[in-house]
Structures are given as structure tokens and as C-alpha cells.
Amino acid sequence: MRTHRRTPISPRARRALRERGLDASSIRGTGPDGRIVEADVLRAAALPRPTAAQAPPAGSISSMRRAVAAKVAESFATVPHFYLRSEADVTALVQLRAWVGEAIQRACGQRPSLTDFILRAMILALADCPQANRIWRNDAIVELPTIDVGLVVQLDDGLLVPILREADRLGMIELVQRRAAAVEAVRSGRASADLFAGGATSLSNLGKRRVDQFSPIISPPQSSMLATGRVAERPAAYQGRLCLRQTIHLTLAADHRVMDGVPAAAFLDRVVELLEEPSSLLGDVPPPSA
């Protein structure tokens, strides 16, 4: 006679399941030994997008908005955030993106965004700074076996953070493909719960808005979040003279339980270095012809 091992569920996750009327069998646990934790339930509750016929009445709170509210409130209340800020000269990166954009689009059908290059810089920086690729779990620091990075995707009534797994194995063209596919899956409501599990850090980019910089909230169980604003011409010292350069502000929120200031600064420094020397980001993309 076959026996089925019951999936372990934390008390808070069990309560969240009851409140939202969800079935534990449909949820993938990300805790130790596949344990379902509250964050897994909140992610699952946020996945369905209401149709127009199911839209909540004015003044009510949708399940997605409620899940987002619960998650950010828990993060800000329980995760000791600290912030580091820097500025990157991305003049060369903006030019490089224009040069190689057509080649990447021919290769994969997607034109690269600045987000893709920032994600690529974060992935390479995680490989160089392994202390940034750790999370806090069960009162201990856990080093992740793979390099996975998340991207905050805004929806009509909330946001979700799909994870690009084993991202260090992706070339630039593959990264653009994977990022585009993840965003499309989230916005179409076809994403599975597996897409939202993993990673130590994520990117939140408000560069399309008139935002220069902002302080992000970490998405547990991750240990950091990088926020970027718009690219703009700003006064900067370049080759011994003051001139206008294309720059971007970066703000890193880090979990002080996992990282102190020096390793967090090393990670942010490396991201800035890669953005300012963008040829190292190309990977599988042929360099632009003269």
C-alpha cells in the first residue's frame, strides 16, 4: 500500500490558506524540505487576475492588493533594512544599447531594454560577490547554490516578482528572451507559482517615470533589492572636466541580518563598474561593427 507524505505547512501559512480558501496541494513550498510558508500562500493568492466581470466593487481591496500589502508590511516590520546609494555614468551603456539592439532583436525577436543590461550587471556582480547571494532562513544565513535574480513587474492592482533562475548561465540574448517571457507570463496571468520562488535579490526599475531615485522594500525571503530611476543628463566630472553625462541613480536595500555595509557596498560597487564598462555585459552578443 502506497503512503503519501503530507506537505509540511507553517502555522501562519495554514491560517493564510484558510483565510483565502486555497488548497495546499496547489502550492509549491519554498521553505526547508518543501515546507509551505506564508509568503508562498501570498504569492499563490496574488496570481489570479480578476476579469472585468469579477472586478471588485469600488472601495474594496482585491486579493492581489491584499497580498502585496501583507507582504510589504511584513518585510518592513521584520527585515532590518539599510540603504546604500550610488550613481553610474551610463553614457557608454546607452550608446552600446543602441548599437547592439538591432542584433539582439534579430537573434531573439526582442529589443533589449536598459532593464536587461542592469539585470545582467547584477547577475555578474552576484558571481563576483557571493556574500550578496545569501538569504536569511530559520534564524540562519543560507548561501544559495545558484544565481537567480528577480524583476519587479507592475500590474493593474499590485506587483509580482518573477525570478530568472540560473541566470549566470544565460548569455545576453538568452537573458532578454527569458526576461520578456517572464514579464509576458505575469501580465497575461499564465505564470505558475514556481516562477516566483528563489533568488537573493531583485531589481525594481522606475526609469520610465520621472523618478530619479527611491528606496525599495526587500521582497522576503530575499536579502536585497536594487532600485533604479531614470537616465538623465546630469553634471559630472569626466576626463578632468565638468560636463553633462547620462547618469542613473541606484539605491540598494539590504537585509542587515545577512549583509553588513562592506559586502553590500562591494556588490553595489561591482554593479556600477559593470554599467560603466558595458562591453563586459555583452556575453554572446557580437560587438557592434564599426
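From the list Gln105, Gln110, pick out the single residue that is farther than 28 Å from Ala253 by Cα, at pLDDT 90 or above and either small (Gly, Ala, Ser) or outside any helix (DSSP H, G or I) (or both).
Sole residue among the options that is farther than 28 Å from Ala253 by Cα, at pLDDT 90 or above and either small (Gly, Ala, Ser) or outside any helix (DSSP H, G or I) (or both): Gln110.
Please determine whether any residue of region 224-234 is among the hydroxyl-bearing types (Ser, Thr, Tyr), at pLDDT 95 or above, closer than 19 Å to Arg97 by Cα and assigned to a strand (DSSP E or B).
yes
For region 98-132, enumerate the residues that are farther than 21 Å from Phe214 by Cα and touching a Ser or Thr at 6+ places or on another chain (Cβ under 8 Å).
Hits for region 98-132 are Leu124, Leu126.
Do we find that Leu160 is assigned by TED's automatic domain parsing to the domain that holds Ala265, buried (at least 21 other Cβ atoms within 10 Å of the Cβ) and touching a helix residue (DSSP H, G or I) at 6+ places or on another chain (Cβ under 6 Å) in this structure?
Spelling it out, Leu160 is indeed assigned by TED's automatic domain parsing to the domain that holds Ala265, buried (at least 21 other Cβ atoms within 10 Å of the Cβ) and touching a helix residue (DSSP H, G or I) at 6+ places or on another chain (Cβ under 6 Å).
Please specify each residue of region 189-212 satisfying the condition of being within 23 Å of Leu124 (Cα to Cα) and either free of Cβ contacts under 8 Å to residues at least 60 places away in the same chain or not β-branched (Val, Ile, Thr) (or both).
Leu195, Phe196, Ala197, Gly198, Gly199, Ala200, Ser202, Leu203, Ser204, Asn205, Leu206, Gly207
Any chance region 152-172 includes a residue that's closer than 20 Å to Ser86 by Cβ, in contact (Cβ under 8 Å) with a residue 40 or more places away in the chain and not basic (Lys, Arg)?
Yes; the residues of region 152-172 include at least one that is closer than 20 Å to Ser86 by Cβ, in contact (Cβ under 8 Å) with a residue 40 or more places away in the chain and not basic (Lys, Arg).
Restricting to region 134-151, and then to whatever is loosely packed, with under 15 Cβ neighbours inside 10 Å and among the aliphatic types (A, V, I, L, M), can you tell me which residue is farthest from Ser202 (Cα to Cα)?
Out of the qualifying residues, it is Ala140.
Every residue in region 116-158 that is more than 18 Å from Arg169 (Cα to Cα), assigned to a helix (DSSP H, G or I) and touching a Gly at 6+ places or on another chain (Cβ under 8 Å), please.
none
Looking at the structure I just gave you, is Ala254 touching a residue at least 60 places away in the same chain (Cβ under 8 Å) and buried (at least 17 other Cβ atoms within 10 Å of the Cβ)?
So Ala254 passes the test.
Quick one: what pairs do we get from region 113-140, first residue more than 19 Å from Val94 (Cα to Cα), second part of a strand (DSSP E or B) and polar (S, T, N, Q), C-beta under 8 Å, 6+ apart or different chains?
Partner pairs satisfying both residue conditions: Leu126/Thr201; Ala132/Thr201; Ala132/Ser224; Asn133/Thr201.
Could you tell me whether region 241-250 includes any residue that is out of contact with any strand residue (DSSP E or B) (no Cβ under 9 Å at 6 or more places or on another chain) and charged (D, E, K, R)?
yes
Name the one entry in Gln154, Gln131 that is on the phi < 0 side of the Ramachandran plot, in the same structural domain as Leu252 (by TED's automatic domain parsing) and surrounded by fewer than 17 Cβ atoms within 10 Å (Cβ to Cβ).
Gln154
Ala237 fails exactly one of the following numbered conditions: (1) free of Cβ contacts under 8 Å to residues at least 24 places away in the same chain; (2) over 26 Å from Ser280 (Cα atoms). What is the number of that condition?
Ala237 satisfies every listed condition except (2).
If I ask for residues that are in a loop (DSSP other than H, G, I, E, B), at pLDDT 70 or above and β-branched (Val, Ile, Thr), which ones from region 1-56 would you list?
Thr7, Ile27, Thr30, Val37, listed by residue number.
For region 86-102, how many residues are charged (D, E, K, R) and either assigned to a helix (DSSP H, G or I) or outside the structural domain of Val176 (by TED's automatic domain parsing) (or both)?
Final tally of qualifying residues: 2.
The values are calculated or read from the model by the stated rules, or taken from the named source; none is laboratory data. Keep in mind the model is a prediction, meaning the values are calculated, not measured. Glycine also receives a Cβ, built like all others from the backbone with ideal geometry; neighbour counts cover every protein chain displayed.
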